[in-house]
Amino acid sequence: MRILGIESSCDETAAAVVADGREILSSVVASQVDIHRKYGGVVPELASREHLRQIVPVVREALAQAGMQLTDVDAIGVTQGPGLVGALLVGITYGKTLALSLGKPLIPVNHLEGHVHAVFLEAHKAGRVPKLPAVCLIVSGGHTVLYEVRTETSGAPDSAARLHYRKLGQTRDDAAGEAYDKVAKLLALGYPGGPILDRLAAASNGTPAPVKFGHTKMKGNALDFSFSGLKTAVLYHVRENADYTEEIHGREEALARGERKFEQLLPLCSPKTLGLVREFQNTVVRDLVERTLAAAEQLSAESILVSGGVAANSQLRTTFEERAKAVGLEVFFPSRALSTDNAAMIAAAAYSRFRAGVLADAALNADPGLALA
Ligand code: KG4
Ligand code: ZN
């Protein structure tokens with residue numbers, strides 16, 4: 001069964017064809033990052049307009065790469081939410097129209113369930129299947145949330161299995177990726193912040209941290225997250241230390257000239273800045289890993305799944321691998337391309353929903369706050 005997946009919840013217009021929920025026949029992603037960069041974040045109205053421009057060519061390209069015609073598609077899976085309402089509406093309207101005109105089933109997909117399936121898609125490529133129950137951390141620019149993932153029976157699920165979710169914890173303020181983007185902005189390191197801070201932290205080479213950020217204690221649910229305090233701590237530290245001012249100004253000028261590559265910005269960062277970036281990343285990674293492992297222990301989980309844009313972070317990956325191995329747990333990540341928003345994960349999630357009989361009709365509407373559990 002070949003499903004065309006369509007994703008337009010945020011700032012990526014994406015289409016993909018996935019066979020039987022696991023074989024990626026094509027996956028095309030048009031990123032809008034160049035459009036939103038100068039605002040330091042996603043501008044919803046601009047995102048919707050760009051989705052309108054991109055949706056038709058992106059779907060055509062996905063079909064062409066899969067060597068298919070529209071009529072070869074067996075069903076259409078589309079992101080219903082959560083996300084930006086105007087952005088979601090573009091994909092939903094297009095998906096609905098295609099389904100109606102082709103007479104094919106339309107399957108509504110929760111974007112977060114897509115991120116969970118991204119992990120299964122990647123594992124499948126390596127001939128592996130994560131064992132359930134699992135704890136899944138979805139960590140991106142818009143989400144930081146922990147779920148329990150299970151099926152009716154334990155063990156390794158097949159691609160048609162209906163997965164059940166239970167929310168274990170979530171951020172009470174900023175998402176982890178949002179914290180990366182805000183810290184990068186205040187240090188004049190461009191947008192998005194994650195990839196460059198990741199590389200700068202790796203380049204810090206043991207430079208001592210100019211400041212130490214403590215563990216974030218959570219009252220109530222100990223599996224909740226909070227990142228806005230950390231971002232504010234970075235801001236205060238930078239304000240209180242006048243010696244950052246000049247180099248920040250220098251990087252602002254470089255960014256204004258379009259020089260935003262790692263190789264161009266690294267020479268404009270003092271060892272103190274590199275130490276600060278490293279300490280910020282240490283704090284984020286420690287927090288994500290510790291709460292996820294605590295959840296896995298509480299649930300006696302069989303494996304850990306990590307997905308979303310921040311799952312691309314190299315330090316997060318190595319720390320998870322080391323710490324999970326020490327307690328005998330397997331940890332699974334998607335590749336970088338499947339970590340960030342894409343439509344292959346939507347098509348994969350659509351397959352299991354289709355097999356469970358979940359279908360939509362022409363009344364399908366965007367649900368910006370759609371919950372997974
Ligand atoms: O999943 P995604 O593409 O979009 C959503 O937010 O849904 O994630 C984008 C986020 C951005 O905040 C970006 O800064 C962050 O993921 N990110 C990273 C890395 N690559 C992307 N954060 C940390 N380290 C990275 N290597
Ligand atoms: Zn996402």
* **When residues of segment 16-42 are limited to those that are within 16 Å of ligand 1 (Cβ to nearest atom) and either touching a Cys at 6+ places or on another chain (Cβ under 6 Å) or hydrophobic (A, V, I, L, M, F, W, C) (or both), the one least open to solvent (accessible area, probe 1.4 Å)** => A16
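The rows are residues; the columns are (1) away from ligand 2 (no atom under 16 Å from the Cβ); (2) modelled with pLDDT of 95 or more; (3) not in a helix (DSSP H, G or I).
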| site | (1), (2), (3) |
| --- | --- |
| L4 | yes, yes, yes |
| S9 | no, yes, yes |
| A14 | no, yes, yes |
| I24 | yes, yes, yes |
| V28 | yes, yes, yes |
| K38 | yes, no, no |
| V58 | yes, yes, no |
* **Any pair with Cβ under 8 angstrom, 6 or more apart, that starts in segment 152-175 at a residue that is assigned to a strand (DSSP E or B) and ends at one that is open to solvent by less than 30 Å² (accessible area, probe 1.4 Å) and among the aromatic types (F, W, Y)** => Y165/Y147; R166/Y147; K167/Y147; L168/Y147; G169/F225; Q170/F225; T171/F225; T171/F227
* Looking only at segment 269-313, which residues are open to solvent by 50 Å² or more (accessible area, probe 1.4 Å) and over 20 Å from V211 (Cα atoms)? -> E290, E297, Q298, S300, E302
* To do: Please report, ordered by residue number, the helices (runs of 4 or more DSSP H) entirely within segment 277-373 with at least 1 residues that are touching a Lys or Arg at 6+ places or on another chain (Cβ under 9 Å) and more than 13 Å from ligand 1 (Cβ to nearest atom).
  => 344-355
* What is the residue count in segment 77-93 for residues that are surrounded by fewer than 22 Cβ atoms within 10 Å (Cβ to Cβ) and either assigned to a helix (DSSP H, G or I) or aromatic (F, W, Y) (or both)? -> 4
* Neighbours by Cβ (under 9 Å, 6+ apart or cross-chain): first from segment 189-211, in contact (Cβ under 8 Å) with a residue 40 or more places away in the chain and closer than 18 Å to R251 by Cα; second more than 16 Å from ligand 2 (Cβ to nearest atom) and aromatic (F, W, Y) -> Y191/Y39; P195/F262; I196/F262; L197/F280; R199/F262; L200/F262; A201/F280; A203/F262
* Kindly check whether there is at least one residue in segment 320-334 that is within 16 Å of the chain's Cα centre (by Cα) and over 30 Å from K217 (Cβ atoms). => yes
* **Residue list for segment 139-167, filter: within 16 Å of ligand 1 (Cβ to nearest atom) and of a type in the set (G, A, S)** => S140, G141, G142
* **Verdict on T171 being β-branched (V, I, T) and open to solvent by 20 Å² or more (accessible area, probe 1.4 Å)** => yes
* Based on what the data block shows, is G229 more than 16 Å from ligand 2 (Cβ to nearest atom), surrounded by fewer than 20 Cβ atoms within 10 Å (Cβ to Cβ), among the small types (G, A, S) and in a helix (DSSP H, G or I)? -> yes
* Asked: For G357, all conditions in the list (1) in contact with a Pro (Cβ under 7 Å, 6 or more places away or on another chain); (2) within 30 Å of S101 (Cα to Cα); (3) open to solvent by less than 60 Å² (accessible area, probe 1.4 Å) hold save one; what is the number of the exception?
  -> (1)
* Asked: How many residues does segment 111-147 hold that are open to solvent by 50 Å² or more (accessible area, probe 1.4 Å), within 13 Å of ligand 2 (Cβ to nearest atom) and part of a helix (DSSP H, G or I)?
  -> 0
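The values are calculated or read from the model by the stated rules, or taken from the named source; none is laboratory data. In this text the structure is predicted, and so the values were computed from the model without any measurement. Note: ideal-geometry Cβ built from the backbone for every residue, glycine included; neighbour counts use all protein chains shown. Please note that ligands, DNA and RNA were not included when accessible areas were found on the heavy atoms of the full protein model with its side chains. Shrake-Rupley method; radii C 1.70, N 1.55, O 1.52, S 1.80 Å.
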